[in-house]
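J.: Below is the structure I would like to discuss, written out as structure tokens.
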Amino acid sequence: MGLMDKVKKLASKENVDKAKGLAAKNADKITGTVEKATSTIDQKTGGKYRDKLDKVEDSVARNLDKVKDEGDDPGTGPADGTPPGGPAGPTR
């Protein structure tokens with residue numbers, strides 16, 4: 001299997017949806033980790049790259065908000081987008 005085949009397999013809709021679902025569920029952890037990392041980098045570089053680090057933090061926050069705003073949690077349902085319980089939802 002060539003490199004591109006592996007990349008295509010990893011970038012399948014199912015895997016992307018699963019990653020989005022996990023990111024939405026763990027947004028607070030991701031944001032905290034990014035803030036900690038950028039703070040450490042800022043300290044080590046004496047504030048030289050603070051403007052760029054602010055852009056990284058903003059970009060992460062914006063993309064996490066975008067994933068959370070999609071409204072559903074694609075990481076928990078079937079890969080075809082059918083809601084749990086089938087097309088009509090769970091039966092009672």
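J.: Give the range 1-21 a look and list any residue that's of a type in the set (S, T, N, Q) and over 19 Å from Asn63 (Cα atoms), or say none.
T.: Within the range 1-21, Ser12 is the sole residue that qualifies.
J.: Return a yes/no flag: does the range 3-15 have any residue that is surrounded by 12 or more Cβ atoms within 10 Å (Cβ to Cβ) and either modelled with pLDDT of 90 or more or not small (Gly, Ala, Ser) (or both).
T.: yes
J.: Which of the following residues is assigned to a helix (DSSP H, G or I), surrounded by 10 or more Cβ atoms within 10 Å (Cβ to Cβ) and modelled with pLDDT of 95 or more: Lys48, Lys55, Lys18?
T.: Just one listed residue meets the conditions, Lys55.
The values are calculated or read from the model by the stated rules, or taken from the named source; none is laboratory data. In this text the structure is predicted, and so the values were computed from the model without any measurement. Virtual Cβ from ideal backbone geometry, glycine too; neighbours counted across all protein chains shown.
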